[in-house]
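Derivation of every value follows stated rules applied to the coordinates shown; laboratory data play no part. These numbers come from a predicted model, not from an experiment. Positions of Cβ are backbone-derived with ideal geometry, glycine not excepted, and every protein chain shown enters the neighbour counts.
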Amino acid sequence: MDVTLRPVHDSDLPVFYRQMNDPESNHVAAFTSPKTADWTLFEAHWKGLRESADVVARTVLADSDVVGSAAVYGEPGEREVTYWIDRYYWGRGLATAALRALLAEVPERPLYARAAADNAGSLRVLEKCGFRVTARASGFAHARGAEIAEDVLVLEG
């Protein structure tokens, strides 16, 4: 599959909304926002991301199909990457390809990432892209309704 990134279009939002409300995906991601379940809050969140000069938000395409999103956000020196790939496409290398494309577009370093410590797939994607675990924290994972371990990763310059 040919994986590319492009700016987020309004027509992508319903696809993202469906993807980000998949119960299994939420459980694996763990650290999700309760705002995701409410369309009005979800749409407002994405409007803010798209209008912010400090955010690079992209739609992930695989053979021209919308399969997810990827973004860099945060203050300089503390910027984080985030991505979400439709569960149907897991295990096909799309998240790794999307993150590599995003990292090529946003060359600043360091960049940080966070993942549930038991989210082996996401941790593998991050490690393949050069991130390394630097700390383990714990926090409340909304999607699981409990406090769980979270790995903090960094991609140095």
Checklist outcome for this item: Within the range 102-116, residues of a type in the set (Gly, Ala, Ser) and surrounded by fewer than 16 Cβ atoms within 10 Å (Cβ to Cβ) come out as 104
Checklist entry - Name the residues in the range 118-147 that are of a type in the set (A, V, I, L, M, F, W, C) and either buried (at least 17 other Cβ atoms within 10 Å of the Cβ) or outside any strand (DSSP E or B) (or both), would you? => result 120, 123, 125, 126, 129, 131, 141, 143
Checklist entry - Among 77, 91, 68, 48, which is of a type in the set (Gly, Ala, Ser), loosely packed, with under 12 Cβ neighbours inside 10 Å and either within 20 Å of residue 142 (Cβ to Cβ) or under 13 Å from the mean Cα position of the chain (by Cα) (or both)? => result 48
Checklist entry - Taking the range 14-26 only, how many residues are under 28 Å from residue 118 (Cα atoms) and out of contact with any strand residue (DSSP E or B) (no Cβ under 9 Å at 6 or more places or on another chain)? => result 7
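Between 80, 75, 105, which is of a type in the set (Asp, Glu) and under 15 Å from residue 126 (Cβ atoms)?
On the way: 75 fails: under 15 Å from residue 126 (Cβ atoms); 105 fails: under 15 Å from residue 126 (Cβ atoms).
Exactly one of 80, 75, 105 is of a type in the set (Asp, Glu) and under 15 Å from residue 126 (Cβ atoms), namely 80.
Please work out which residue is nearest to residue 94 (Cα to Cα), limiting yourself to the range 106-117 and to residues that are in a loop (DSSP other than H, G, I, E, B) and touching a residue at least 24 places away in the same chain (Cβ under 8 Å).
Looking only at the range 106-117, we keep the residues that are in a loop (DSSP other than H, G, I, E, B), and these are 106-110, 117.
Right, trim to touching a residue at least 24 places away in the same chain (Cβ under 8 Å) and you get 106, 108-110, 117.
Details: 106: 18, 108: 22, 109: 23, 110: 23, 117: 21 Å.
Taking the candidates together, the pick is 106.
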